[in-house]
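FYI, it's all coordinate maths here, none of it is from the lab. Please read these numbers as outputs of a predicted model, since none were measured by experiment. Neighbour counts are summed over all protein chains in view; Cβ atoms, including those assigned to glycine, are modelled from backbone coordinates with ideal geometry.
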């Protein structure tokens, strides 16, 4: 799609810097823009309509970013 000149927007939970860097390297210089939505963990938990954070805290979901799995904040984001 990018090759066709379209603007592509995607939303991912990407907790590791290395993964984000690998995606960035797939695009030509200036063709990838990272936007970091910096939301406090407490607010994420308060807004959780599916109860996933509660399940993660009870141990029902393993490797949940911010609970029992690390989250590496971006260092090269264009916008916060």
Estimated [θ] at 222 nm from DSSP helical runs (n ≥ 4, -39500 (n - 2.57)) normalised by residues in the chain, nearest 500: -6500 deg cm²/dmol
Residues 33, 7, 67, sorted so that the one with the fewest Cβ neighbours within 10 Å comes first: 7, 33, 67
Computed E for residue 31/residue 52 - FRET, C-beta separation, R0 25 angstrom, nearest 0.05: 0.15
Within region 1-32, backbone nitrogen closer than 16 Å to the virtual label 7 Å beyond the Cα of residue 63 toward Cβ: 13-20
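If you average 1/r across every pair of different Cα atoms in the chain and take the reciprocal, what Kirkwood value do you get, in Å? Don't jump to the answer; show the numbers that get you there.
Working: mean 1/r = 0.0683 Å⁻¹.
About 14.6 Å, per the Kirkwood formula over Cα pairs.
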Separation of alpha-carbon centers, region 26-72 and region 2-25, rounded to whole Å: 16
